[in-house]
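Q: So that we are looking at the same thing, I have put the structure below in structure tokens.
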Amino acid sequence: KTADVDALLARIETAMPPLKGVLHAAGILDDGILQQLDWGRFEPVFAPKVQGGWNLHARLAGKPLDFFVLFSSAAATFGAPGQGNYAAANAFLDALARFRGAGRSPALSIAWAGWGEIGMAANPEIARRMETDGRQLIPVRDGLALLYKLLGRGLNQATVAPIDWAQLSAAHPELRQVPFLSVLAPEMQVA
């Protein structure tokens with residue numbers, strides 16, 4: 001909420017050293033097929049990402065930040081069954097980073113695959129499903145090292161998704177029909 005961001009920034013300004021950067025890492029899942037996702041199921045998933053990201057952007061416009069990092073999801077890059085609302089919210093973060101970058105404001109949106117020990121993919125059932133079809137989890141230590149490296153690259157957007165393409169192709173042969181994936185990984189091409 002805008003009021004919450006304003007209160008936090010006011011507290012930082014009065015009681016802390018100057019704000020040097022932002023890491024926006026919010027997210028909620030509410031999976032369902034697209035026909036069942038009315039606005040009541042979109043809004044709770046959108047709000048933390050879309051409203052939260054926009055509020056931070058708007059309130060920090062023109063501030064001398066060293067970094068402004070948005071934690072997006074590989075669901076926005078590749079899609080994810082049952083996650084149309086989540087993929088759309090993350091695609092907004094990717095677009096926001098490009099928008100900020102065009103205005104010469106610091107911005108990096110990282111479309112992460114699941115992290116192993118924390119976050120949404122730390123759920124054992126979700127982790128098992130991901131690993132069964134070739135989507136590997138990112139260990140926290142590796143994720144933090146990659147975050148540090150990406151901050152120094154001058155990018156506005158990146159996707160970090162360790163995938164065993166041959167295993168994914170075998171588990172989901174229908175994905176071989178997706179042109180983006182067939183160009184990205186030869187293993188995904190139709191034989």
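The values are calculated or read from the model by the stated rules, or taken from the named source; none is laboratory data. On a predicted model such as this, the values are computed, not experimentally measured, just so you know. Cβ sites come from the backbone with ideal geometry, for glycine too, and all protein chains shown count toward neighbours. In case anyone asks, the SASA skips ligands and DNA or RNA and just uses the protein heavy atoms, side chains included. Shrake-Rupley method; radii C 1.70, N 1.55, O 1.52, S 1.80 Å.
Q: Relative contact order, percent, of the chain when contacts are C-alpha pairs under 8 Å separated by at least 6 residues?
A: So the answer I get is 17 percent.
Q: If each residue of separation counts as 0.36 nm, what is the full-extension length gain between Val183 and Asp38 once their alpha-carbon separation is subtracted?
A: Extending this stretch completely gives an extra 48.9 nm.
Q: Sort 72-78, 135-141 by the packing proxy (mean of other Cβ within 10 Å over each peptide's residues), most packed first.
A: Final packing ranking: 72-78, 135-141.
Q: What full-extension length gain, to one decimal in nm, is calculated for Asp133 and Leu155 as 0.36 nm per residue of separation minus the Cα-Cα distance?
A: Residue separation times 0.36 nm, minus the Cα-Cα distance, leaves 5.0 nm.
Q: Taking Cα atoms, how many degrees apart are the long axis of helix 140-151 and the longest axis of the chain, rounded to 10 and kept between 0 and 90?
A: 60
Q: Using only Cα atoms, tell me the angle between helix 2-15 and the longest principal axis of the chain; keep it within 0 to 90° and round to the nearest 10.
A: So the helix axis and the longest Cα principal axis differ by about 50 degrees.
Q: Apply the a/c threshold of 1.5 to the C-alpha gyration tensor of the range 100-191 and tell me whether it is rounded, prolate or oblate.
A: oblate
Q: Now for a different question. Order the peptides 124-133, 81-90, 20-29 from the highest to the lowest mean number of other Cβ atoms within 10 Å of their residues.
A: Sorting 124-133, 81-90, 20-29 by mean packing, highest first, produces 81-90, 20-29, 124-133.
Q: Let me ask something additional. Would you mind getting the accessible area per residue of the chain, heavy atoms of the protein chains only, 1.4 Å probe, in Å²?
A: Per-residue accessible area for the chain comes out at 57 Å².
Q: If you don't mind, there's one more thing I want to ask. Which angle between 0 and 90 degrees, to the nearest 10, do you get for helix 84-102 versus the longest principal axis of the chain when only C-alpha atoms count?
A: It works out to around 50 degrees.
Q: Another question, then. Using the Kirkwood radius over Cα pairs, work out the Stokes-Einstein diffusion coefficient for the range 9-114 at 4 °C and 1.567 mPa s, in µm²/s as a whole number.
A: Rounded to a whole number, D works out at 90 µm²/s.
Q: If you don't mind, there's one more thing I want to ask. Using a 1.4 angstrom probe and counting only protein chains, how large is the accessible area of Glu43 in Å², to 10?
A: 70
Q: Moving to a separate point now. For Lys49, give me every one of the lysines with a C-alpha distance below 23 angstrom, ignoring sequence neighbours fewer than eight places off in its own chain.
A: Straight-distance partners of Lys49: Lys1, Lys20, Lys63.
Q: Could you please state how large a percent of the accessible area of the chain is carbon and sulfur, counting protein chains only and using a 1.4 Å probe?
A: Carbon and sulfur together cover 59 percent of it.
Q: Something else: Take every DSSP beta bridge with both residues inside the chain and express the antiparallel ones as a percent of the total, to the nearest 5.
A: If we restrict to bridges inside the chain, about 5 percent are antiparallel.
Q: Magnitude of the Cβ-charge dipole of the chain, K/R +1 and D/E -1, about the Cα centre, nearest 20 debye?
A: 700
Q: Further question on the same structure: Using Cα pairs closer than 8 Å and at least 6 residues apart in sequence, work out the relative contact order for the range 133-191, in percent.
A: Computed over the range 133-191, the figure is 36 percent.
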